[in-house]
Amino acid sequence: MTEYRNPRISVRKQPKQARSTELVAAILQAATQVLAKEGAQRFTTARVAEKAGVSVGSVYQYFPNKAAILFRLQSDEWRQTTDLLRGILEDAGQPPLERLRILVHAFIRSECEEARMRVALNDAAPLYRDTHEAREAKAAAGPTVRVFMREVLPNASEAIRALAGELITATLSAVGKGFSESAHTAREIEIYGDAISDMFCAYLRELDR
């Protein structure tokens with residue numbers, strides 16, 4: 001996985017016409033299938049082109065290398081997770097800690113449902129994880145978490161809120177990944193989600209005192 005030391009992971013151009021948009025969508029769908037089946041080690045631009053039924057040159061019109069394709073898949077996954085987080089944590093119709101419980105359960109279920117793909121993306125991460133684009137994409141959820149922490153910990157200092165937000169997001173990511181690496185029943189997923197939620201809520205209640 002050392003093919004690119006400083007890969008260019010930005011797309012060459014954005015599709016502007018319906019035909020171009022459909023081509024990019026076909027490439028990404030094929031890339032998802034190749035990655036899930038072959039894994040990161042055997043993932044190549046040629047395999048993606050073959051699966052999509054297009055020429056390698058067509059793929060290179062939009063993605064300069066395989067790192068760019070993999071990063072697009074990863075950034076799409078991060079965007080979906082950020083949208084999930086934002087939609088739940090910004091729901092003012094629910095008490096803050098109930099929102100956190102809903103988020104934990106939704107995240108754990110999502111991790112389990114897409115475990116194989118997430119493992120493959122994690123294996124591919126060395127190709128792009130140190131780039132500016134990757135750091136920027138991963139930080140997208142930060143503002144939502146900070147606003148939520150100000151709401152749930154109104155009397156805490158900014159430093160304490162920041163620490164709590166980082167601890168919860170890092171822990172949720174780590175335990176979700178670890179738990180999803182083996183198969184579980186819906187009931188087991190629910191029980192695990194309850195346990196993680198209880199832990200987070202107890203921690204925040206203690207901080208609020």
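The values are calculated or read from the model by the stated rules, or taken from the named source; none is laboratory data. Owing to the predicted nature of the structure, the values given are computational and were not obtained by experimental measurement. Don't worry about glycine lacking a Cβ; one is built from the backbone with ideal geometry, like all the others, and counts go over all protein chains shown. To get the accessible areas, we keep the full protein, side chains included, count just its heavy atoms, and leave off ligands, DNA and RNA. Shrake-Rupley method; radii C 1.70, N 1.55, O 1.52, S 1.80 Å.
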Going by the alpha-carbon gyration tensor, a ≥ b ≥ c the square roots of its eigenvalues, is segment 29-75 rounded (a/c under 1.5) or, if a/c is not under 1.5, prolate (a/b greater than b/c) versus oblate? oblate
Counting other Cβ atoms within 10 Å, keep those with at most 16, restrict to DSSP loop, and tell me which GluC sites (Glu not before Pro) in segment 104-209 are left. 114, 181
How big is the gap, in Å, between the Cα center of segment 25-56 and the Cα center of segment 99-133? 20 Å
Acute angle (nearest 10 degrees) that the helix 96-113 long axis makes with the longest principal axis of the chain, alpha-carbon atoms: 30 degrees
Can you give me the angle between helix 115-124 and the longest principal axis of the chain, using Cα atoms only, in degrees from 0 to 90, rounded to the nearest 10? 70 degrees
Hey, what do the phi angles of segment 177-187 turn into as Karplus ³J(HN,Hα) couplings, whole Hz, using 6.51/-1.76/1.60 and θ = phi - 60°, x for Gly and Pro? 5, x, 5, 6, 6, 10, 6, 9, 6, 4, 5
Residue by residue through segment 35-47, what is 3J(HN,Hα) from phi via Karplus (6.51 cos²θ - 1.76 cosθ + 1.60, θ = phi - 60°)? Round to whole Hz and write x for glycine and proline. 5, 5, 7, 8, x, 5, 5, 9, 6, 9, 4, 4, 5
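Relative contact order of the chain, please, whole-number percent, based on alpha carbon pairs below 8 angstrom and at least 6 residues apart. Write out the running numbers ahead of the final one.
Working: 198 pairs, mean separation 53.7, N = 209.
Computed over the chain, the figure is 26 percent.
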Which is farthest toward the positive dipole end of the chain among 163, 143, 74, measuring Cα position about the Cα centre, with Cβ charges +1 (Lys, Arg) and -1 (Asp, Glu)? 74
With +1 on each Lys and Arg Cβ and -1 on each Asp and Glu Cβ, and nothing else charged, work out how big the dipole of the chain is about its Cα centre, in Debye to the nearest 20. 920 debye
Note the angle between two axes, namely the Cα long axis of helix 66-89 and the longest principal axis of the Cα atoms of the chain, as a number of degrees from 0 to 90, rounded to the nearest 10. 30 degrees
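Might you tell me the accessible area per residue for the chain, computed with a 1.4 Å probe and given in Å²? Please list the in-between numbers first.
Values: 11760 Å² over 209 residues.
Accessible area per residue: 56 Å².
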Find the relative contact order for segment 54-133 and round it to a whole percent, using C-alpha pairs within less than 8 Å whose residues are 6+ positions apart. 33 percent
Can you tell me the Rg and Dmax of segment 147-209, counting just the alpha carbons, in angstroms? 13.7, 41
Got a number for carbon plus sulfur as a percent of segment 86-140's accessible area, 1.4 Å probe? 48 percent
